[in-house]
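The values are calculated or read from the model by the stated rules, or taken from the named source; none is laboratory data. None of these values were measured; they are calculated from a predicted model. Glycine also receives a Cβ, built like all others from the backbone with ideal geometry; neighbour counts cover every protein chain displayed.
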């Protein structure tokens with residue numbers, strides 16, 4: 001893929017949730033909520049302070065993260081759906 005986010009933005013691919021509940025009930029596509037968990041695909045270079053120094057991002061490609069329900073802008077690259085969001089929209093990194 002030839003996409004690199006700018007500044008403090010990251011490219012996230014949603015991780016799809018299970019289609020069944022723990023008890024075995026199958027959830028139809030129309031009843032599913034969009035997952036709030038994803039994998040970082042690409043990161044920007046970071047934020048520049050007023051004096052010009054670069055502050056690198058805390059996340060890196062490959063991290064699994066949680067983000068807000070309405071975070072980011074949905075885009076499609078080479079037929080795949082992604083989100084572009086600021087690092088501040090990410091709530092945390094899953095270990």
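Is it true that residue 51 is exposed (fewer than 15 other Cβ atoms within 10 Å of the Cβ) and either touching a helix residue (DSSP H, G or I) at 6+ places or on another chain (Cβ under 9 Å) or under 17 Å from residue 3 (Cα atoms) (or both)? Can you show your working first?
Details: exposed (fewer than 15 other Cβ atoms within 10 Å of the Cβ): yes; either touching a helix residue (DSSP H, G or I) at 6+ places or on another chain (Cβ under 9 Å) or under 17 Å from residue 3 (Cα atoms) (or both): no.
No: the conditions fail for residue 51.
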Which pairs have Cβ atoms under 8 Å, sit 6 or more apart or on different chains, and link a residue in the range 56-83 that is on the phi > 0 side of the Ramachandran plot and assigned to a loop (DSSP other than H, G, I, E, B) to one that is surrounded by 11 or more Cβ atoms within 10 Å (Cβ to Cβ) and modelled with pLDDT of 90 or more? 62/39; 62/40; 72/12; 72/83; 72/84; 72/85; 72/89
Residue list for the range 60-95, restricted to those being crowded, with 17+ Cβ neighbours inside 10 Å and in contact with a helix residue (DSSP H, G or I) (Cβ under 7 Å, 6 or more places away or on another chain): 67, 71, 72
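Being in contact with a strand residue (DSSP E or B) (Cβ under 6 Å, 6 or more places away or on another chain), closer than 21 Å to residue 92 by Cβ and at pLDDT below 90 is the requirement here; does residue 15 meet it?
Values: in contact with a strand residue (DSSP E or B) (Cβ under 6 Å, 6 or more places away or on another chain): yes; closer than 21 Å to residue 92 by Cβ: yes; at pLDDT below 90: yes.
So residue 15 fits the description; yes.
Restricted to the range 84-94, and to residues that are touching a residue at least 24 places away in the same chain (Cβ under 8 Å) and not in a strand (DSSP E or B), which residue is farthest from residue 8 (Cα to Cα)? Even if it seems obvious, please write down each step before you answer.
Initially, the range 84-94 is screened for residues touching a residue at least 24 places away in the same chain (Cβ under 8 Å), giving 84-88, 90-94.
Narrowing the set further to residues that are not in a strand (DSSP E or B) leaves 87-88.
Numbers: 87: 6, 88: 8 Å.
Selected residue: 88.
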